[in-house]
Amino acid sequence: MSDHVAFPLRQGMLRRPRLNAMIEQGLQYPLLVVQAGPGYGKTQAMADYVSVRAAKVLWIRLGGHDNLRAHFWAHLIRAIEQVFPETAGLYAAAFPSDPASLDAFARTLQIRFADYKEVIWVFDDFGTISDQAIINFLWALADMDLEGFRLVFITNSHRWAEPAAFSGRRSLLLRDDLRFAKDEINELYRLHGVALDPDEVERINSFTEGWPLALHLLALQRKAPESAAGSATITDGAVLRLFEGRFFRDYSERQRKALIRLSLLNTFTREIAAELYEGNRADLEGLWNHSFVDQEESSGKLVFHRMCRSFLRDKQYLLDAEEARDVWRIAARRFETGGDAMEAIACCRNCGDHIGVLRVIREVALSQFGISEQTAAYFIEHLEPLTPEDGASYLTALGLRALILMTLGRLDEAEDLALDLERRLIHSRTPEARASLGSVNIIRGFIHMLNARDDFAGYFKTAAGYLSREEIPNTETGLRIHNQHSFSMSDNLPGAKERMEAAVRDAAPWMRRLFGGGMAGMEHIFSAEAAYLSYRMKDARQHAYRGIYEAQANAQHDLVCNGFLLLARAALMRGDYAETARQIQNITAYADRYDIDVLRDIRDTALAWYYIRLRDPDRVPKNITTAHFLRHPVLTYTRADIVYGNYLACIGEFAQLIGVMEQVRQASPDIVTQDGVSKYILLAIGQYHLGNEGTAVKAFWTAYNMCRHNDLTTPFIEGEQHTRALIALARGQKNHAFSAEWLNLIGRHVGSYGKRIASVRAAYRRSHSAAESADSPLSKRETLVLQALSQGLTREEIASVQYISVNTVKSAIRSIYTKLNVSNRMEAVSVAIARGYISNHTLE
């Protein structure tokens with residue numbers, strides 16, 4: 001363990017003003033996390049910064065023994081007393097394991113640090129700590145936010161258990177920040193006495209990707225005997241010899257072979273490495289800290305640095321063809337199990353497993369209702385080489401192409417392919433042909449459902465007849481609705497809504513059978529949306545609750561959250577502020593409970609909708625305030641984009657609103673959906689505010705014509721004052737025959753809704769102001785725990801959400817009861833809300 005006082009600053013290293021400025025900016029927050037793999041110069045960068053600061057700095061390099069609480073505490077106190085000798089003997093002898101002792105420690109720090117303008121504590125190798133109590137202590141230390149006191153965590157790990165309440169209160173310095181810029185590369189070589197021309201700087205930057213360790217390795221090449229004095233030229237031979245002499249020969253024969261095998265893969269996981277290793281798997285642990293192995297921040301997969309990969313691939317001649325195929329087979333199986341379809345397909349292709357390619361594509365296409373165009377193109381690229389001469393594989397590929405085209409919204413092309421496949425299969429009596437006919441009917445059922453044709457139930461029923469229970473796809477965990485509304489109609493004729501509701505009800509049992517409970521509850525959510533759009537809020541609530549319960553029982557998490565959002569919308573339409581906030585909180589809690597991207601999308605969309613309706617656009621999640629149609633799969637377009645459109649209307653960006661709405665598209669342009677209706681209403685709003693009254697009336701007429709025969713009124717009511725302006729415009733023109741009765745009805749509803757929503761917004765502002773101004777006796781931790789109690793969370797759920805132990809939650813609750821002089825949860829919540837210590841919802 002390094003000295004507590006001296007900074008681990010290596011002499012002769014390049015000073016980097018750009019990096020120091022970034023650290024300076026990061027320390028404006030209570031916590032700065034410096035995270036990157038080995039060889040990125042994290043410690044050096046931080047040590048260089050603090051070496052020239054006037055701050056009082058404590059530097060602790062953590063190690064494995066610091067996972068023992070007594071050892072960690074002795075280490076920390078010894079360090080504090082060395083840097084702050086005047087505090088000797090003031091700290092508790094034992095690790096603070098409860099809120100009271102932690103508060104006492106905080107008070108001591110606050111008193112003793114008052115004489116210092118700036119205090120920085122650096123915990124180097126934070127990622128080595130696995131003891132949850134110590135991790136909680138360090139986060140609590142950061143959460144104290146004492147004046148002039150800043151904390152720095154330096155870590156190799158790209159994953160750390162950050163408490164949810166800490167989001168936005170810390171700064172990050174990541175590997176891309178730590179990479180050398182071109183001018184820094186130039187300065188580094190100048191430090192070594194080498195002058196670079198611009199082309200050579202570009203080449204070195206490309207070869208090393210700005211990685212500090214790689215750059216220093218290349219600088220050593222200048223001293224090699226075959227290098228000309230002062231030359232910076234990169235030679236493959238010199239680099240290979242550096243790797244051989246400085247790194248590779250230190251590994252055992254088995255470790256070397258494992259590294260060469262892994263170099264066959266673009267990325268790999270610990271599980272793949274363990275299966276490929278022929279020795280004791282414990283020996284692999286050292287490889288994860290290898291300077292040339294890094295983790296992808298987005299996926300957590302491991303990668304070799306480019307220089308290392310080049311070196312290892314030069315050694316691949318040591319593997320025979322069968323060894324290489326074994327590596328790809330093992331990796332393909334692991335990637336497939338882990339859900340990494342593209343890597344699995346690449347590995348299957350490399351080992352000649354065409355059946356594996358088809359299997360992986362089929363699994364993804366069946367389990368993900370809507371894939372990106374990039375993924376679809378990749379899949380089709382691997383399906384197109386198959387021809388009729390490939391027999392059964394060709395027929396499988398044909399069906400998969402139809403399925404993929406369907407997910408891209410190319411429904412006519414998809415049905416043509418499905419019909420072609422059906423003609424090829426219909427006369428065959430083999431079990432494989434029957435199973436394929438089942439799949440064809442599933443595809444056609446989805447195509448007709450997406451086209452809002454009310455005959456789709458028959459296709460699902462036929463598919464169930466072809467497929468035995470063993471042949472039914474194992475996709476019970478697949479989520480297919482995603483961040484979308486369920487409601488649609490085939491046309492705008494009278495009765496279209498009721499016909500589609502009946503079709504969904506007829507199809508529901510067959511779809512549940514085919515998908516192992518998948519899409520369970522969809523028929524109720526569909527009816528809830530139909531009732532909401534028809535301004536029947538009581539019916540909407542009843543259907544929504546039925547859908548939520550059925551979806552929960554079958555792990556259809558997207559439908560659960562969509563049901564909660566429908567309940568929130570209905571509550572807001574009724575003017576019930578507390579119920580609206582409660583349902584939005586249900587969505588956020590549900591999304592936090594399950595680590596699923598789709599649920600996070602729904603959560604962010606719901607929060608955006610909530611704050612837009614409350615006229616608080618500054619609190620809209622940032623990922624919503626970008627144009628979603630640019631990156632979402634075709635079948636998951638629209639809802640997030642409609643919410644984004646409402647955001648633009650809320651902040652008065654009407655020209656941008658029109659541009660976004662003109663890009664929004666759906667699977668079939670001829671059907672009626674609630675997002676399609678909202679699109680034209682928003683277009684009308686945008687055109688009206690830009691003074692294009694004729695175009696505004698035309699868009700309003702389109703929305704009106706989509707809705708009037710089926711009593712879909714709520715989307716217009718949601719437009720509030722914008723709808724009032726459009727109604728007045730519609731009454732004053734003669735090109736479109738709006739029903740005067742309909743305009744009067746919408747006008748009355750808009751007027752009454754305007755009063756209700758004004759009351760809701762006033763309640764929100766009062767609650768928000770009270771929560772901010774109350775002088776609470778509760779600590780931050782206690783406030784968070786009590787807020788969670790007010791939501792109905794159990795102690796175990798609070799511990800999970802806030803990354804603390806159950807015992808910590810119990811201690812916080814006892815402290816809350818004592819401070820508020822109450823004896824139970826209900827009293828505590830009531831008193832805290834009445835006094836303004838917590839809000840009466842959790843979205844303040």
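The values are calculated or read from the model by the stated rules, or taken from the named source; none is laboratory data. Owing to the predicted nature of the structure, the values given are computational and were not obtained by experimental measurement. In this analysis, Cβ positions are derived from the backbone assuming ideal geometry, glycine residues included, and neighbour counts consider all displayed protein chains. These accessible areas exclude ligands, DNA and RNA; they are computed on the full protein's heavy atoms, side chains included. Shrake-Rupley method; radii C 1.70, N 1.55, O 1.52, S 1.80 Å.
Observations on the structure shown:
- Over the chain: helical MRE at 222 nm, DSSP H runs n ≥ 4 each giving -39500 (n - 2.57), nearest 500: -18500 deg cm²/dmol
- Hits among lysines - C-alpha to C-alpha of residue 698 under 25 Å, sequence gap 8 or more where chains match: 497, 679, 734
- For residue 755, a cut-off of 16 angstrom between C-alpha atoms picks up these aspartates and glutamates, skipping any fewer than 8 places away in its own chain: 576, 718, 720.
- Taking only alpha carbon atoms, the chain gives an Rg to Rh ratio of 1.00, where Rh is the Kirkwood radius.
- Excluding same-chain neighbours fewer than eight residues apart, the lysines reachable from residue 257 by a Cα-Cα span under 21 Å are 301, 315.
- Cross-link table 42/622; 56/117; 780/810; 780/819, entries beyond 18 Å C-alpha to C-alpha: 42/622
- Sequence ranges 427-434, 136-143, 642-649, ranked by mean other-Cβ count within 10 angstrom, highest first: 642-649, 136-143, 427-434
- Relative packing of 553-566, 264-277, 392-405, which averages over residues the other C-beta atoms within 10 Å, highest first: 553-566, 392-405, 264-277
- Annotation: extensible slack from residue 748 through residue 728 equals 5.9 nm (criterion: 0.36 nm per residue apart, minus Cα-Cα distance).
- Packing-based order for 825-832, 606-613, using average beta carbon neighbours within 10 Å, highest first: 606-613, 825-832
- Taking the 1.4 Å solvent-accessible surface of the chain as the whole, the part contributed by carbon and sulfur is 49%.
- Projected label points at residue 202 and residue 651, each 7 Å from Cα along the beta carbon direction, are separated by 3.8 nanometres.
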